[in-house]
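Here is the structure we will look at, set down as structure tokens.
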Amino acid sequence: MTFSVKRFMAIFQKDLKDLYRNLYVSSTALMPLIFAVIYSRIGEVPLAMHLFVITLSLALVGTFLQCAIIAEEKEKNTLRGLMLSPATLTEILAGKSAVTIVITIIVTAVSMFIMDFSFTGRGWLIAGILLSLVFFIALGTWMGLITRSVLEASVYILPVMFIFGMANMFIGLADQFSFLQVLEYTPGIQLEEIAEFSEAGAGFDELWKPFAIILAWVAATLVLAAVTFKKRMMD
Amino acid sequence: MIEVKSLEKIFGDKRALQDVSFQVKKGETFGFLGPSGSGKTTTIKILTGQMRQSAGTANVFGIPVSQLNTPEYRKRFGVVTDNSGLYARLTIYDNLKLYADLYGTSLQRIDEALESVNLGSEKKTQVAKLSKGMTQRVLLARTLLHKPELLFLDEPTSALDPANSKHIHNGLKELNRQGTTIFLTTHDMEEADHLCSQVAFLNKGVVQLLDEPKQLKKQYREEIIGIELKDGRELELPLKASSAEEIQQYISREMVERIYTKEPTLGDIFVEVTGRELV
């Protein structure tokens, strides 16, 4: 399998330039910053609240951005042009994902800065966030492939926002609504566990489980995205 | 360059292509002619690896089309279809720069390609502001960037006015002179006649006729000489030596307005062979 850095960079630069001019998508991706500003005003912010904004950022920026970028390529018939060019599937997806990764990391970092949350000494949490980011981007890729337009993508993103982006908030209602207990397995809750366990000084012998659960989500969505991509690119 | 044998494509219970066979030699401009829904785009999709055939073989560059999906082979051909798209928020230059980088060609080629489609002065224009015809020309320029050995064009001038069509035709002829093989689908018979060295008539998924335009016109020509006289009469005489004396008389009496042979257009031949209009 070949991988051309030049082709990867060409797609990355094009997407970055295009996104800069796409006000609808880029302004939606800035939503976590608004939450961060609001929560930073309520005095001492609990760890769970920080994790809520981080997860929201991963879902809203990571998933929605990726989904919108791919959905628009399909809507405007430009993805087929890329597929017929020398760019490989890996180069196309890597170029697009790199844009989403960079913007998600920036938005998440700025949100946490606004909320006065430091990542210093929180290596396990950073590792968990990066692993979760792969899941959210793979989910966005898959959603982008199954939706036909940016408008459709912004509708499809709503359940994802509720299930994966706001799990940390809805899990509090699991005592009243037992079906919500399934949210315990979402990456957001696993990130919260990683943060809490590592704050308490736990090592990998206790942290492996939330990492394994996130890894399982990553594997499942990567396979789903790859299979769907190959299927959708052939008529 | 292209070798297709007994190609078939079935969608559900509809047979889109049936027993399609043809060859396109290196350096040729091959016209695949037929009305909408006859299977032209399906054929291009199969030949460019976007769709799998149900039966038969299709080789491009001497290899099965299923093996075309490598950067090395993709650099050797270019495609413009009726649903190719551009990035509307970016400028023409940015759109072409992406593809110049993907194909590994120099940025100088962008200017050359834009000149060849008469858009040299528009490179900083945002694609969203272009007319349909200009968009089509940018798509063509994008395909010409890497000087492909083989060019697939699906109705390349369908959205263009006559002046721009002529400009594109001249560009394609020049490209062909430089050695590019062109596979062209169109329902514009004048375009096919002007550009193609060989044409195939596709009707309901079946190739009904395949030959050089000149041969086809000769084969379907009515063996008649038409004479339009100055007094308004029109005469039709058999294209034989026996008519020579009669024609000479009209000429010597200065009665002739116009003399013509009844040569059919490719469109006339298509209608005669398939019984369908080319729309």
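Remarks
- Take each peptide in B:123-131, A:122-130, count the other Cβ atoms within 10 Å of every residue, and average; sorted highest first, the result is A:122-130, B:123-131.
- If R0 equals 25 Å, the separation of the Cβ atoms of B:T70 and B:R177 corresponds to a calculated FRET efficiency of about 0.30.
- Proximity of backbone amide H atoms, modeled 1.01 Å from N, is registered between B:F183 and B:F30, B:L151, B:F152, B:L153 at under 5 Å, excluding neighbours fewer than 5 places apart on the same chain.
- Table column - 3J(HN,Hα) (Hz), segment B:248-255, Karplus curve with 6.51, -1.76, 1.60, x for Gly and Pro: 4, 4, 4, 5, 5, 8, 6, 9
- Prolate/oblate/rounded label for segment A:56-179 (Cα gyration tensor, a/c 1.5): oblate
- B:K204-A:F162 FRET efficiency (beta carbon distance; Förster radius 45 Å; 0.05 resolution): 0.35
- The residues packed around A:E193, meaning those with a beta-carbon under 11 Å from its beta-carbon, carry a net charge of -4 if Lys and Arg are +1 and Asp and Glu are -1.
- Shape of segment B:222-262, Cα gyration tensor, a/c cut at 1.5: oblate
- Residues A:E73, B:E3 arranged by fewest to most Cβ contacts within 10 Å: B:E3, A:E73
- Sorted fewest first by neighbouring Cβ atoms within 10 angstrom, A:D116, B:D19, B:D231, B:D193 come out as B:D231, A:D116, B:D19, B:D193.
- Number of partner chain Cβ atoms within 10 Å, mean per residue of B:92-102: 5
- Shape category assigned to chain A from the gyration tensor of Cα positions, a/c cut at 1.5: prolate
- Axial C-alpha extent at least 27 Å, average Kyte-Doolittle at least -1.0 - helices from chain A (DSSP): A:89-114, A:123-146, A:204-232
- Mean partner shielding of peptide A:83-95, defined as the number of other chain Cβ atoms within 10 Å of each residue Cβ, is 4.
- For segment A:5-232, lysine pairs separated by 8 or more sequence positions, or belonging to different chains, with Cα-Cα distances below 17 Å total 13.
- Ascending count of other beta-carbon atoms within 10 Å, so fewest first, for B:S242, B:S197: B:S242, B:S197
- With the simple spin-label model, which puts each label point 7 Å out from Cα in the Cβ direction, the B:L107 to B:L229 separation comes to 7.2 nm.
- Listed values for segment B:142-148 are Karplus-derived 3J(HN,Hα) couplings in whole Hz (6.51 cos²θ - 1.76 cosθ + 1.60, θ = phi - 60°), namely 4, 6, 7, 3, 9, 6, x, and x replaces Gly and Pro.
- Shielding of peptide A:74-81 by partners, expressed as the average count of other chain Cβ atoms within 10 Å per residue Cβ, is 6.
- For B:K123, the aspartates and glutamates whose Cα comes closer than 15 Å to its Cα, not counting residues fewer than 8 places off in the same chain, are B:D94, B:D111, B:E112, B:E115.
- In loop segments of segment A:146-235 as defined by DSSP, the chymotrypsin sites (Phe, Trp or Tyr not before Pro) with at most 11 further C-beta atoms inside 10 Å of their C-beta are A:F177.
- Taking amide H as placed 1.01 Å from N in the peptide plane, B:Q198 has its amide H under 5 Å from the amide H of B:T29, B:G31, each at least 5 places away in sequence or on another chain.
- In this structure the amide hydrogen of B:V206, modeled in the peptide plane, comes within under 5 Å of the amide hydrogens of B:Q18, none closer than 5 places in sequence on its chain.
- Most fluctuating residue given options B:G205, B:G226, B:G171, as computed from a GNM of chain B linking Cα atoms under 10 Å: B:G226
- Listed residues A:M161, A:M169, A:M83, most fluctuating in chain A (Gaussian network, C-alpha, under 10 Å): A:M83
- Cα-based radius of gyration of the protein assembly as shown once divided by 2.2 N^0.38 Å, which approximates compact folds: 1.30
- 3J(HN,Hα) from dihedral phi, segment B:180-193, Karplus parametrisation 6.51/-1.76/1.60, rounded to Hz, x for glycine, proline: 6, 7, 10, 10, 10, 9, 7, 10, 8, 5, 5, 4, 4, 5
The numbers here are math on the coordinates, done by the rules we state, and not lab data. In this text the structure is predicted, and so the values were computed from the model without any measurement. Here the Cβ is made from the backbone with ideal geometry for all residues, glycine too, and neighbour counts use every protein chain on show.
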